[in-house]
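The values are calculated or read from the model by the stated rules, or taken from the named source; none is laboratory data. Just so it is clear, the structure is predicted and the values come from calculations on it, not from any experiment. Glycine also receives a Cβ, built like all others from the backbone with ideal geometry; neighbour counts cover every protein chain displayed.
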Amino acid sequence: MPAKVFLDTNIWLYSLIKSDVAKYQRAIGLITGEESIYSSVQVANEISINLLRKTGKNQAYIQNFLSEFMASYPVLAQEKEDLLIAAGLRLEYSLSYWDSLIVAVALRSGCKILYSEDMQHHLKIRGALLIVNPFLS
């Protein structure tokens with residue numbers, strides 16, 4: 001059984017916006033190469049707002065993207081316990097508020113790797129989740 005992985009918002013955005021060719025190729029490689037990708041409603045929201053603001057995509061595009069995204073990957077809603085777990089993670093690891101919520105959902109879903117450009121590379125969270133910056137050589 002393949003390891004569950006979680007992709008942070010920036011990975012998805014590089015695959016959609018194509019502003020940096022090397023990062024676009026790496027993001028596409030992750031998305032097509034991993035078998036068990038998980039996401040969250042928070043990440044879907046962050047992707048949507050960035051597509052609206054940074055690329056000028058219209059609401060029809062966002063609706064289509066969300067439909068396809070949620071049909072293709074498990075997109076987990078935030079639960080009450082995630083807020084408490086995230087609060088503890090902020091104290092333990094000095095994560096930002098929004099990053100701690102993503103990490104909490106990744107932990108709850110049983111992911112082993114969280115790919116993110118924004119968090120500390122190779123940080124191991126509670127012995128269960130490894131944060132990896134896929135853009136570092």
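Is it true that some residue in the stretch 91-102 is part of a loop (DSSP other than H, G, I, E, B), in contact (Cβ under 8 Å) with a residue 60 or more places away in the chain and surrounded by 13 or more Cβ atoms within 10 Å (Cβ to Cβ)? Step through it out loud before you land on a result.
Here is the first cut: in the stretch 91-102, the residues part of a loop (DSSP other than H, G, I, E, B) are 94-96.
This time we only want the ones that are in contact (Cβ under 8 Å) with a residue 60 or more places away in the chain, so: none.
No: zero hits.
Screening the stretch 113-137 for residues that are surrounded by 12 or more Cβ atoms within 10 Å (Cβ to Cβ), modelled with pLDDT of 95 or more and charged (D, E, K, R) and picking the one that is farthest from TYR93 (Cα to Cα) gives GLU117. Looking only at the stretch 4-15, which residues are in a helix (DSSP H, G or I), among the aliphatic types (A, V, I, L, M) and in contact with a Phe, Trp or Tyr (Cβ under 8 Å, 6 or more places away or on another chain)? ILE11 - this is the single residue of the stretch 4-15 that is in a helix (DSSP H, G or I), among the aliphatic types (A, V, I, L, M) and in contact with a Phe, Trp or Tyr (Cβ under 8 Å, 6 or more places away or on another chain).
The listed residues are LEU114, LEU84, and the only one of them that is assigned to a helix (DSSP H, G or I) and either closer than 17 Å to LYS4 by Cβ or without any contact (Cβ under 8 Å) to a residue 24 or more places away in the chain (or both) turns out to be LEU84.
The set of residues in the stretch 16-53 that are in contact (Cβ under 8 Å) with a residue 60 or more places away in the chain, in contact with a Lys or Arg (Cβ under 9 Å, 6 or more places away or on another chain) and assigned to a helix (DSSP H, G or I) is empty. Here is the figure for the stretch 35-83: residues that are modelled with pLDDT of 95 or more, out of contact with any Phe, Trp or Tyr (no Cβ under 6 Å at 6 or more places or on another chain) and of a type in the set (Val, Ile, Thr) total 5.
Restricting to the stretch 54-81, name every residue that is among the small types (Gly, Ala, Ser) and either assigned to a helix (DSSP H, G or I) or surrounded by 17 or more Cβ atoms within 10 Å (Cβ to Cβ) (or both). Walk me through it before giving the result.
Our first condition is that a residue be among the small types (Gly, Ala, Ser); within the stretch 54-81, this holds for 56, 60, 67, 71-72, 77.
ALA60, SER67, ALA71, SER72, listed by residue number.
Scanning the stretch 59-91 for residues that are under 25 Å from GLN120 (Cα atoms) and of a type in the set (A, V, I, L, M) returns VAL75, LEU76, ALA77, LEU83, LEU84, ILE85, ALA86, ALA87, LEU89, LEU91.
Considering only the stretch 1-48, how many residues are among the aromatic types (Phe, Trp, Tyr) and either surrounded by fewer than 17 Cβ atoms within 10 Å (Cβ to Cβ) or touching a Ser or Thr at 6+ places or on another chain (Cβ under 6 Å) (or both)? Matching residues across the stretch 1-48 total 2.
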